[in-house]
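Student: Below is a structure I'd like to ask you about.
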Amino acid sequence: MKQAESTGTLAGQKAFSYFPGCSLHSTAREYDVSARLSCEALGIELKELEGWACCGASSAHSTNELLAVSLPARDLKRAGEVGLPLVAACAMCFSRLKIASHELQNNDMRKLVQTVIGQEIQKTARVVHLLEVVDSRLDAIPVKKPLTELKVACYYGCLLVRPREKVAIDDAENPQLMDRLVRKLGAEPVAWAFKTECCGAGLPLARPDIVLKLCHRILAQARQAGADCIAVACPECHSNLDTHQEEIRARYGDDARVPVVYFTQLLGLALGLSVQQLHLDKHLTDPVPVLSSKGLA
Amino acid sequence: MARIGVFICHCGSNIAGSVDIARVLEAARKMPQVVYVEDNKYTCSDPGQASIRNAVKAHRLNRVVVAACSPRMHEKTFRKTVEQAGLNPFLLEIANIREQDSWVHSDDKERATEKAIEIVRLAVAKVARNYELYARQISLTKRALVIGGGISGIQAALDIANAGHEVVLVEREPTIGGRMAQLDKTFPTLDCSACILTPKMVELAQHNRVVLFTYAEVQSIKGFVGNFEVEVRQKARKVNHTTCTGCGTCWQKCPEKVPSEFDLGMGQRTAIYIPFPQAVPTKPVIDTEHCRYMKYQRFVASGEEDKKPPQCRVCEKLCPTGSIDWEEQDRVFTEKFGAIIVATGYQTFDASAYGEYGAGMYPDVISGLQLERLMCASGPTGGEVKRPSDGAHPKTVVFVSCVGSRDEAKCRPYCSKVCCMYMAKHAIMLREHDPEVQCYIFYIDIRAGGKAYEEFTRRAQEEYGAIYLRGRISKIYQEGKKLVVLGEDSLIGRPVELSADLVVLATGMEPSSGVVELAQKLNISYDTNQFLVEAHPKLRPVETQSDGIFLAGACVGPRDIPDSVAQGSAAAVKAAALFSQDYITTDPMTAMVDISRCTGCLLCTQVCPFKAISTQALRDGRVVASVNEGLCKGCGLCAAVCRSKAIDLRGFTNQQLFAEVTSLWQ
Amino acid sequence: MQTVETITPLPQSRLSGYVQKHSGQNPLRCYQCGKCNAGCPVAYAMDLGPRQVMRAVQLGLKDHVLSSNTIWVCLQCQVCSARCPMEIDIARVMESLRLLAILEGYPVPEKDIELFHRIFLEVVRRHGRLHELELGAMYNVRSGHLTANAGLLPQLLSRGKLSVLPTTIRDARAVREIFARAEAESRKAPAAES
């Protein structure tokens, strides 16, 4: 099995197959919209992978290992046929796709997966995360409206930085990719210790207590570090951190209101796009007041 | 014509129990050129050896085979026996019918006997082709080089000097003293480290048989035991140490302040400096990177037109003896030595590799050695324990053990041995500094094997109130002025969260930087952790595989002070024993080059593990291999790779080995 | 909390071997330093911490491990694996234990978590993609937590963050077949006996 076109730098790559993932078509539409608009402005062509299916997320991975590889394998095969590197925006999809392409290197696993998907896998696409793509052309970002005075806590979560060998795009304890981007956009990334602490992942329905506790810690730390907002690169992290702030305040008696935005929204803002275009007005914890106070909205 | 005698040993029942000695005797009697056979209950005993001597005379034997135990056991014994009988000691062969036969085939006497006969047959075939070999004697320089001026190197140098031999000690820092000089107190006695170390430093510096080169490094090493030639680079100090009196005016007045290496960044020094007040020598060096005048000179040399930095030269103006020498350059000189002691010691692990602990990010997360400097009366805070961020006195102090130890993910799988002890020491000392201090020590196992060590760690808990929590810390982060420490008490099985004023990382030991390059220059081995390798981990702990090169202290592995001192003395004894001889006898079983056959491909020089083969140019212009018998260990690699069969090994010639092999089917 | 009862170490059980084979991790490398427990964000909600799970695997205490809630509460955040000084991928060990518990039909102490995963996969099986509204509604009905997160519904709908209708991909049948075959193949997987 070939892993297609892993040669060539990301910086030189103009077009990508795009894997939005399920959330970006519903709860995380603002991530999808801001990613597409920002990429367009940067001259990055995103071609949505036709007929993509769900990666299985943590549910497949928690209950059936073979399914957890087979679902992304189908997408990897399709992307391999297109021949462009496959860029994922969702950290969960990215992680599952990346781990699956790793597992497919194993001959026994690949044979088993081929039986399951009923197709032979001859070629898969190289999997990258949108953050890596943007970072690869950091110097070329034409910042029109610098995000001056905006203090941003960059939150990477788990899935972009762990496990080291199979997935990580940056250091697991103090990653810098997003911080670098935020600095380039004219904002100030704050130093804080919870960049890669877990938000509670897929447990908000089954164990909301866990999600509230973990998100409370993260929000409190970001606020303490002086952040005006948190930037994320994952719809699950976003949903956990953004949607439950009322409950967290109620439960922990702690005024932890911190807007949570996608890094693509900050990027778009600096590229001159509007709050409405970037769906910055769609979050449950409204970032517009703090953006306005800095003259950014 | 060879007249071979074969002596078969019963070794009590060790051999006779599983080998039919009578049959071996019978078979040996019929082997070519064998004129005499006999068996003995114990051939190595006095009567056994006498019997060999008598038989040599009575039967005019000129070759001897002893069929007995491994040659590692008694080859030397029997060489001496035949020598006493008037034969060259190398006209002897040992047939190992014990380790390689009777012991491993005790369940099958028939086949063990057959194998014994074959082994004897090989030895007979070989000994018939043995010829006389003579050991060579090489003169030696009775002068030792000690590399590294820590406590181990100091001890080694003092012991050699006191044994009556000259010693040169080379230290790359501006002072001797090593890590021990940085410690405040030592466990388990709580002796003041400087108080017991500095007298030794002074004694060394004043010893009339010791020459000290500080701020100097070994650049290259040539030669072999007894005859090493070492190039030493004396780094430019920019201060004339012959005229300098060490009055201290310069380092008191120098305006340029930089973080002190000796204080591990906890304090500052000047650009012209001595590392600490009791440094030996008490004469300064100029840090050319930071010195204002040196910076000015570099600026002028760069040809830039911008604002010139100040020239400064305060030290030069104020020096009462005119000892500042801006023109001084590095100086390289060659010295001859008979023995070398490597005592390069250790450095502490750089904890910034642990992102989750925030070392290097949070000022109040410090290493154990940094805490030593904060507690030391002559340290940057005058012995007052003040935390780096705001100078406050810490009340809650958390210790994290095994930072850079027992951690395969950080490529440090080994235990650093001293950290458990120094954490207990710190807990005791912090309480003595301030009774309000509460120490929490996160440990994994308390390793306190040593005289009075276990009792010491008990005292830390029982008398000084240190709380020991079993578990490795996972994360440290700052919250306001406090550091939050996330750990576990695995004995109770619950997560622990502590809010600390100061966190001390018990960083482990790793070999000093540059030790690999030095080992390569010396041609001695190092292990996967870059610690140097002993000739035998139990029985030859201070020797290396290279004759005349010895090891001492933490360059071999994590050591505490008593062990390092003991090793320094042990290595000194090895060097002194070498110097008690007037010449060195070399093993004659070395490689030799037939220059008429050598094609000069020099493959042998690449495979020789002892760098014993060099080249020589013949009169006809050909370049051929040449073996240095002082370095050759007779391993035979060169003989094996030589394509033109120009290299042979004395005592193991191709002819001898082929004779052995072909004897099997004759 | 577990009640205090005597345990009998069964180092010869096949649990350790199963874990090693399935996860590629050697549980015997663990020396119980506790860094995993110390850093685990959900250790407080577990009856056994990851360190205790590793210990129980070493001792062959299969029932102890497979009936713990740990293997279900584990978020797979991988902090334990990333920081383990012995480079054991503990999260992967958790995963292999959870799959074994499912395979051998151990009762699930975290019913809601299991139900969530089941419904999630049912939705994906139906449409080839997730439909979040359907997942939430089905979960609330079947778990009996009828109002869970319902308060968020108006806000999410008004912001256009929830699609009322699912998107079904064109060859959703192929995805359904992947589910069916993956389940069939998984049942053939080797189990640990003890």
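Student: For region C:90-122, what are the residues that are among the basic types (Lys, Arg) and surrounded by fewer than 21 Cβ atoms within 10 Å (Cβ to Cβ)?
Tutor: C:Arg92, C:Lys111, C:Arg118
Student: From the list A:Arg96, A:Arg29, A:Arg78, which residue is more than 9 Å from chain C (Cβ to nearest Cβ) and within 16 Å of the chain's Cα centre (by Cα)?
Tutor: The match here is A:Arg96.
Student: For residues that are buried (at least 22 other Cβ atoms within 10 Å of the Cβ) and assigned to a loop (DSSP other than H, G, I, E, B), tally how many sit in region B:277-286.
Tutor: 4
Student: Only residues that are crowded, with 16+ Cβ neighbours inside 10 Å, within 16 Å of B:Ser13 (Cα to Cα), under 42 Å from the mean Cα position of the chain (by Cα) and among the aliphatic types (A, V, I, L, M): list them for region B:77-115, please.
Tutor: B:Ile97
Student: Find the residue count for region B:190-202, including only residues that are surrounded by fewer than 16 Cβ atoms within 10 Å (Cβ to Cβ) and in contact with a helix residue (DSSP H, G or I) (Cβ under 9 Å, 6 or more places away or on another chain).
Tutor: Adding up the residues that qualify gives 2.
Student: Hey, another quick one. Scan region C:28-74 for residues that are more than 8 Å from every other protein chain (Cβ to nearest Cβ), among the β-branched types (Val, Ile, Thr) and under 20 Å from B:Gly487 (Cβ atoms) and jot them down.
Tutor: Passing the criteria: C:Val53, C:Thr70.
Student: Go through (1) among the hydroxyl-bearing types (Ser, Thr, Tyr); (2) surrounded by 16 or more Cβ atoms within 10 Å (Cβ to Cβ); (3) within 10 Å of chain A (Cβ to nearest Cβ) and name the single condition C:Thr167 misses.
Tutor: C:Thr167 satisfies all of (1) among the hydroxyl-bearing types (Ser, Thr, Tyr); (2) surrounded by 16 or more Cβ atoms within 10 Å (Cβ to Cβ); (3) within 10 Å of chain A (Cβ to nearest Cβ) except (2).
Student: Take the conditions modelled with pLDDT of 95 or more, among the basic types (Lys, Arg) and under 18 Å from A:Cys54 (Cα atoms) and apply them to A:Arg180. Does it pass?
Tutor: When the stated conditions are applied, A:Arg180 does not pass them.
Student: Only one of A:Glu103, A:Glu50, A:Glu40 is among the acidic types (Asp, Glu) and either within 22 Å of C:Ala184 (Cβ to Cβ) or surrounded by 24 or more Cβ atoms within 10 Å (Cβ to Cβ) (or both); which?
Tutor: After ruling out the rest, the residue left standing is A:Glu103.
Student: Name the single residue, out of those in region A:169-191 being touching a strand residue (DSSP E or B) at 6+ places or on another chain (Cβ under 6 Å) and crowded, with 22+ Cβ neighbours inside 10 Å, that is farthest from C:Cys40 (Cα to Cα).
Tutor: Checked region A:169-191; the qualifying residue farthest from C:Cys40 (Cα to Cα) is A:Ala187.
Student: Consider B:Gly651 against the criteria (1) exposed (fewer than 13 other Cβ atoms within 10 Å of the Cβ); (2) more than 29 Å from B:Gly148 (Cα to Cα): it satisfies all of them except one. Which criterion is unmet?
Tutor: All conditions pass for B:Gly651, except number (1).
Student: Moving to a separate point now. Within region A:66-89, how many residues are closer than 23 Å to A:Ala233 by Cβ and either in contact with a strand residue (DSSP E or B) (Cβ under 8 Å, 6 or more places away or on another chain) or modelled with pLDDT under 95 (or both)?
Tutor: Qualifying residue count for the region: 9.
Student: Condition first: within 14 Å of chain C (Cβ to nearest Cβ) and within 23 Å of A:Lys184 (Cα to Cα). Now tell me which residues in region A:238-258 satisfy that.
Tutor: A:His238
Student: On the given criteria, is C:Leu157 more than 7 Å from every other protein chain (Cβ to nearest Cβ), within 30 Å of A:Lys282 (Cα to Cα) and either charged (D, E, K, R) or surrounded by fewer than 15 Cβ atoms within 10 Å (Cβ to Cβ) (or both)?
Tutor: It is true that C:Leu157 is more than 7 Å from every other protein chain (Cβ to nearest Cβ), within 30 Å of A:Lys282 (Cα to Cα) and either charged (D, E, K, R) or surrounded by fewer than 15 Cβ atoms within 10 Å (Cβ to Cβ) (or both).
Student: Just the residues that are assigned to a loop (DSSP other than H, G, I, E, B) and more than 9 Å from every other protein chain (Cβ to nearest Cβ), please, taken from region A:150-164.
Tutor: A:Leu150, A:Tyr155, A:Tyr156, A:Leu160 - these are the residues of region A:150-164 that are assigned to a loop (DSSP other than H, G, I, E, B) and more than 9 Å from every other protein chain (Cβ to nearest Cβ).
Student: Continuing with the same structure: Quick one: count up the residues across region C:166-185 that are part of a loop (DSSP other than H, G, I, E, B) and in contact (Cβ under 8 Å) with a residue 12 or more places away in the chain.
Tutor: 5
Student: Right, C:Arg118: basic (Lys, Arg) and within 7 Å of another protein chain (Cβ to nearest Cβ) or not?
Tutor: no
Student: Just the residues that are more than 28 Å from A:Cys55 (Cα to Cα) and at pLDDT below 95, please, taken from region A:227-244.
Tutor: Listed by number, the list is empty, since nothing qualifies.
Student: Which residue out of B:Tyr357, B:Tyr362 is within 14 Å of chain A (Cβ to nearest Cβ), surrounded by 24 or more Cβ atoms within 10 Å (Cβ to Cβ) and either within 35 Å of the chain's Cα centre (by Cα) or among the aromatic types (Phe, Trp, Tyr) (or both)?
Tutor: B:Tyr357
The rows are residues; the columns are (1) within 10 Å of chain C (Cβ to nearest Cβ); (2) over 25 Å from B:Thr186 (Cα atoms); (3) in contact with a Pro (Cβ under 7 Å, 6 or more places away or on another chain).
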{"residue": "B:Val400", "(1), (2), (3)": "no, no, no"}
{"residue": "B:Val418", "(1), (2), (3)": "no, no, yes"}
{"residue": "B:Glu432", "(1), (2), (3)": "no, no, no"}
{"residue": "B:Gln438", "(1), (2), (3)": "no, no, no"}
{"residue": "B:Tyr453", "(1), (2), (3)": "no, no, yes"}
{"residue": "B:Tyr477", "(1), (2), (3)": "no, yes, no"}
{"residue": "B:Gly487", "(1), (2), (3)": "yes, yes, no"}
{"residue": "B:Ser499", "(1), (2), (3)": "no, yes, no"}
{"residue": "B:Gly508", "(1), (2), (3)": "no, no, no"}
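Student: Test B:Ala452 against the criterion of being over 18 Å from B:Arg406 (Cα atoms), of a type in the set (A, V, I, L, M), surrounded by fewer than 21 Cβ atoms within 10 Å (Cβ to Cβ) and at pLDDT 95 or above, and give yes or no.
Tutor: The answer is yes for B:Ala452.
Student: Can you tell me which residue in region B:191-221 is farthest from B:Ser513 (Cα to Cα), limited to those that are assigned to a strand (DSSP E or B) and among the polar types (S, T, N, Q)?
Tutor: The residue in question is B:Ser220.
Student: Please return the ranges of helices (runs of 4 or more DSSP H) entirely within region C:1-60 where 2 or more residues are farther than 19 Å from C:Ala101 by Cβ.
Tutor: C:35-39
Student: Filter region A:101-142 for residues that are away from chain C (no Cβ under 14 Å) and β-branched (Val, Ile, Thr) and give the result.
Tutor: A:Thr124, A:Val127, A:Val128, A:Val133, A:Val134, A:Ile141
Student: Within region C:76-89, can you find the residues that are facing chain A (nearest Cβ under 9 Å), part of a loop (DSSP other than H, G, I, E, B) and buried (at least 24 other Cβ atoms within 10 Å of the Cβ)?
Tutor: Answer for region C:76-89, where residues must be facing chain A (nearest Cβ under 9 Å), part of a loop (DSSP other than H, G, I, E, B) and buried (at least 24 other Cβ atoms within 10 Å of the Cβ): C:Cys77, C:Gln78.
Student: Here is a further query. Could we say that A:Lys145 is at pLDDT below 95 and part of a loop (DSSP other than H, G, I, E, B) here?
Tutor: Criteria not met by A:Lys145.
Student: Same structure again: When you scan region B:11-104 for strands (runs of 3 or more DSSP E) that lie fully inside it, which ones turn up with 2 or more residues that are charged (D, E, K, R)?
Tutor: In region B:11-104, B:34-40 are the strands (runs of 3 or more DSSP E) which contain 2 or more residues that are charged (D, E, K, R).
Student: Could you say which residue among B:Val19, B:Val6, B:Val24 is under 18 Å from B:Arg129 (Cα atoms) and either touching a residue at least 24 places away in the same chain (Cβ under 8 Å) or buried (at least 21 other Cβ atoms within 10 Å of the Cβ) (or both)?
Tutor: When all the criteria are applied, what remains is B:Val6.
Student: Still on this model: Can you pull out the residues in region A:165-199 that are within 23 Å of A:Val127 (Cα to Cα), outside any loop (DSSP other than H, G, I, E, B) and in contact with a helix residue (DSSP H, G or I) (Cβ under 8 Å, 6 or more places away or on another chain)?
Tutor: Result: A:Leu177, A:Met178, A:Arg180, A:Leu181.
The values are calculated or read from the model by the stated rules, or taken from the named source; none is laboratory data. No experiment lies behind these values; they were computed from the predicted model shown. Neighbour counts run over all protein chains shown; Cβ positions are idealised from the backbone, glycine included.
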